[in-house]
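Remarks on the structure that follows.
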């Protein structure tokens, strides 16, 4: 089955493709995809916005295929759960990922907290061609490393330490990360929902 993903993030697309492949699902990019304006309150809400926007764009192009929205973020305990849904915009639109990671560590230090707990959250939202929607949200607990470690992955991966392995996501192979990540958990949860034939709800599009 071919599913179009509502993302322009190459790293996220690559992960989704690898995670869905064992389930016989081909994740494709839609080159003409136009991002909707995201909200600041909910991963689930943003994932739904993206999926519904892409679904409408696919219909307008005469393509009958499912649309998948993904919204994820990093929540840091010492910062009261920030940056959260604003993770990709933390530090402003011109900030690079190394800059964002450095600013995040500096803000944690300035907070005076010794708690380095954090978690990655991922929401997936699927809109089927008939308009039925399915949604899941999953999270993975970890810690913020004192410095960037590893060159693998993308975004905050080099500072997200996974204690059971003692390594950051930036130090894990693609296979290792895809076995445990928040996105992997969300993909498995969505597949479980779909395999049970759980009733979704009709999209208002």
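The values are calculated or read from the model by the stated rules, or taken from the named source; none is laboratory data. Quick caveat: nothing in here was measured; it's all calculated off a predicted structure. Please note: Cβ atoms are built from the backbone with ideal geometry, for glycine as well, and neighbour counts cover all protein chains shown.
Can you name the strands (runs of 3 or more DSSP E) wholly within region 72-177 that have at least 2 residues being at pLDDT 95 or above, in contact with a helix residue (DSSP H, G or I) (Cβ under 8 Å, 6 or more places away or on another chain) and closer than 30 Å to residue 2 by Cβ? Please lay out each step first, then the result.
Working: elements: 117-127, 132-144, 160-162.
Ranges flagged: 117-127, 132-144.
Just wondering, is there one or more residues in region 20-42 that are closer than 23 Å to residue 152 by Cβ, touching a strand residue (DSSP E or B) at 6+ places or on another chain (Cβ under 9 Å) and without any contact (Cβ under 8 Å) to a residue 12 or more places away in the chain? Break it down into steps so the answer makes sense when it comes.
Restricting attention to region 20-42, the residues satisfying the condition of being closer than 23 Å to residue 152 by Cβ are 20-22, 27, 29.
When the remaining residues are screened for being touching a strand residue (DSSP E or B) at 6+ places or on another chain (Cβ under 9 Å), the result is 20-21, 27, 29.
Subset that is without any contact (Cβ under 8 Å) to a residue 12 or more places away in the chain: 21.
Yes, that holds for at least one residue.
Taking only region 23-60 into account, find how many residues are surrounded by 11 or more Cβ atoms within 10 Å (Cβ to Cβ), over 17 Å from the mean Cα position of the chain (by Cα) and more than 21 Å from residue 10 (Cβ to Cβ).
4
So which residues in region 140-162 are within 11 Å of residue 118 (Cβ to Cβ) and surrounded by fewer than 17 Cβ atoms within 10 Å (Cβ to Cβ)?
Keep residues of region 140-162 that are within 11 Å of residue 118 (Cβ to Cβ), which gives 140-145, 156, 159-162.
Across region 140-162, the qualifying residue is only 141.
Can residue 180 be described as within 21 Å of residue 27 (Cα to Cα) and either in contact (Cβ under 8 Å) with a residue 40 or more places away in the chain or over 15 Å from the mean Cα position of the chain (by Cα) (or both)? Before the answer, list the steps.
Working: within 21 Å of residue 27 (Cα to Cα): yes; either in contact (Cβ under 8 Å) with a residue 40 or more places away in the chain or over 15 Å from the mean Cα position of the chain (by Cα) (or both): yes.
Criteria met by residue 180.
Taking interchain pairs and intrachain pairs at least six residues apart, which have beta carbon atoms under 8 angstrom, with the first residue in region 100-124 and under 30 Å from residue 194 (Cβ atoms) and the second in a loop (DSSP other than H, G, I, E, B)?
Taking only residues 6 or more apart or on different chains, the pairs are 120/156; 120/181; 122/181; 123/42.
Which residues, taken from region 68-108, are within 23 Å of residue 29 (Cα to Cα) and touching a strand residue (DSSP E or B) at 6+ places or on another chain (Cβ under 6 Å)?
68, 69, 70, 71, 72, 73, 85, 87
Kindly evaluate residue 184 against the criterion of being under 17 Å from residue 11 (Cβ atoms) and outside any loop (DSSP other than H, G, I, E, B). Before you say what the answer is, go through the steps one by one.
Working: under 17 Å from residue 11 (Cβ atoms): yes; outside any loop (DSSP other than H, G, I, E, B): yes.
When the stated conditions are applied, residue 184 passes them.
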